[in-house]
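Trainee: Once you've had a glance at the structure underneath, I'll fire off some questions.
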Amino acid sequence: MTDAHAATLEAHWGGGAAPFGATWQKTMMWIFIVTDGLLFSGLLCGYAFLRMASPMPWPKQSEVFSIPFIALMTFILITSSAFMGSAVTAARLGDRKKTLLNLALTIVGGAAFLGCQAIEWSHLIHEGARLTGNPWGAPQFGQAFFLLTGFHGSHVFSGLVILAITYVRSLMGKTPAQGVEIAGLYWHFVDLVWVFIFTLFYLL
Amino acid sequence: MSDHGGSNPYKIYWTTWFVLLLITVAMLLAEKFHMPRWFLVAFLVAFMATKAVMIAGNFMHLRFEKANLGIIVVTSLILFLFITPESASVLAKTPR
């Protein structure tokens, strides 16, 4: 290791500096997102394993789900993510009115997504889908479906709680721009996870 | 963050939103065409990865952060890649 390298290491990591160029709040949110990403990676890996190991044929998704309905859910989530991005930008520019409007639209989108998921779940449960079996094929299908979408849905729900708190605190003028940004990071992450579930579970 | 995206700072989100929508529509249409299964899988996974990079990069601003922050995210994915061949090898040993 050269002296210059050692000096750089010391300057960036020796303490007193911000190696990630971000405040501790934002760095912690990113570290949380990484661990949460690993949780979903594990779940998706488990799903892939169940599907490949299943001796019975995997149900054809287009026969079980209404794919246009799933596409609508995807559209809702992507749109609410774009509103969230606008809210973060507005907060940074100090435009409180626009921040509140975009946060409200994000919350509406998230709630609509959860509503769609409730419809989808009750429909499938009505048709006989259970954790232990289902009328369409491999019994593991039900497990994979309820666990993946259930974990994701609970993340959407906690995201909504965070957004509602951010909204109320912004209304009181107590949330700094960074608070909105960190709430936004979590919300975008929930959207990111849906991209993987949508592709790997519903389309493949 | 005001040093990119031109005059309108909101534009990057709605451009990204539009491209994400186009990609989603392309993914939905892909299944209507007859193509070999491996090709469909490769196509969908490639588009999925593109969407993920766009969301992390543009929505979550990872592109505009210090590289260190991106490195902790990518490192975790490398760790994850170690699990995949392991689970595949377990699968190969499972009697059918």
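The values are calculated or read from the model by the stated rules, or taken from the named source; none is laboratory data. Remember, predicted model here, so these are calculated numbers, not experimental data. Backbone-built Cβ (ideal geometry, glycine too); neighbour counts: all protein chains shown.
Trainee: Go over the candidates B:L69, B:L44 one by one and state the one that is at pLDDT below 90 and under 23 Å from A:W194 (Cα atoms). Quick ask: steps written out before the conclusion?
Mentor: Numbers: B:L44 fails: at pLDDT below 90.
So the residue among B:L69, B:L44 that is at pLDDT below 90 and under 23 Å from A:W194 (Cα atoms) is B:L69.
Trainee: A further question follows. Looking only at region A:125-145, count every residue that is closer than 12 Å to A:V64 by Cα and not polar (S, T, N, Q) and tell me the total.
Mentor: Step one: list which residues in region A:125-145 are closer than 12 Å to A:V64 by Cα, which gives A:125, A:127-129, A:134-137, A:141-142, A:145.
Still in the running and not polar (S, T, N, Q): A:125, A:127-129, A:135-137, A:141-142, A:145.
Looking only at that region, the number is 10.
Trainee: Does region B:25-83 hold any residues that are surrounded by fewer than 17 Cβ atoms within 10 Å (Cβ to Cβ) and not in a helix (DSSP H, G or I), and which are they?
Mentor: Answer for region B:25-83, where residues must be surrounded by fewer than 17 Cβ atoms within 10 Å (Cβ to Cβ) and not in a helix (DSSP H, G or I): B:E31, B:K32, B:F33, B:H34, B:M35, B:P36, B:K66.
Trainee: Quick one: is A:G42 over 30 Å from A:Y167 (Cα atoms) and either within 12 Å of chain B (Cβ to nearest Cβ) or touching a residue at least 24 places away in the same chain (Cβ under 8 Å) (or both)?
Mentor: It is true that A:G42 is over 30 Å from A:Y167 (Cα atoms) and either within 12 Å of chain B (Cβ to nearest Cβ) or touching a residue at least 24 places away in the same chain (Cβ under 8 Å) (or both).
Trainee: Still on this structure, I have one more. Can you name every residue in region A:143-163 that is among the small types (G, A, S) and surrounded by fewer than 16 Cβ atoms within 10 Å (Cβ to Cβ)?
Mentor: Taking region A:143-163 and keeping what is among the small types (G, A, S), we get A:144, A:150, A:153-154, A:158-159.
Within region A:143-163, A:G150, A:S154, A:S158 meet the criteria.
Trainee: Could you check region A:85-118 and list, in sequence order, the residues that are in contact (Cβ under 8 Å) with a residue 40 or more places away in the chain and within 20 Å of A:A144 (Cα to Cα)?
Mentor: Of everything in region A:85-118, those that are in contact (Cβ under 8 Å) with a residue 40 or more places away in the chain and within 20 Å of A:A144 (Cα to Cα) turn out to be A:F113, A:L114, A:C116, A:Q117.
Trainee: Please work out if A:A90 is away from chain B (no Cβ under 14 Å), more than 16 Å from the chain's Cα centre (by Cα) and assigned to a helix (DSSP H, G or I).
Mentor: Details: away from chain B (no Cβ under 14 Å): no; more than 16 Å from the chain's Cα centre (by Cα): yes; assigned to a helix (DSSP H, G or I): yes.
Judged against the criteria, A:A90 is not a match.
Trainee: Suppose we filter region A:1-43 for residues that are among the aromatic types (F, W, Y), under 22 Å from the mean Cα position of the chain (by Cα) and surrounded by 12 or more Cβ atoms within 10 Å (Cβ to Cβ); how many remain? Full working, then the answer.
Mentor: First, pick out the residues of region A:1-43 that are among the aromatic types (F, W, Y): A:13, A:20, A:24, A:30, A:32, A:40.
Pick out the ones that are also under 22 Å from the mean Cα position of the chain (by Cα) and you get A:24, A:30, A:32, A:40.
Subsequent filtering for residues that are surrounded by 12 or more Cβ atoms within 10 Å (Cβ to Cβ) retains A:30, A:32, A:40.
Adding up the residues that qualify gives 3.
Trainee: State whether one or more residues within region A:95-117 are more than 14 Å from chain B (Cβ to nearest Cβ), among the β-branched types (V, I, T) and under 21 Å from A:G42 (Cβ atoms).
Mentor: no
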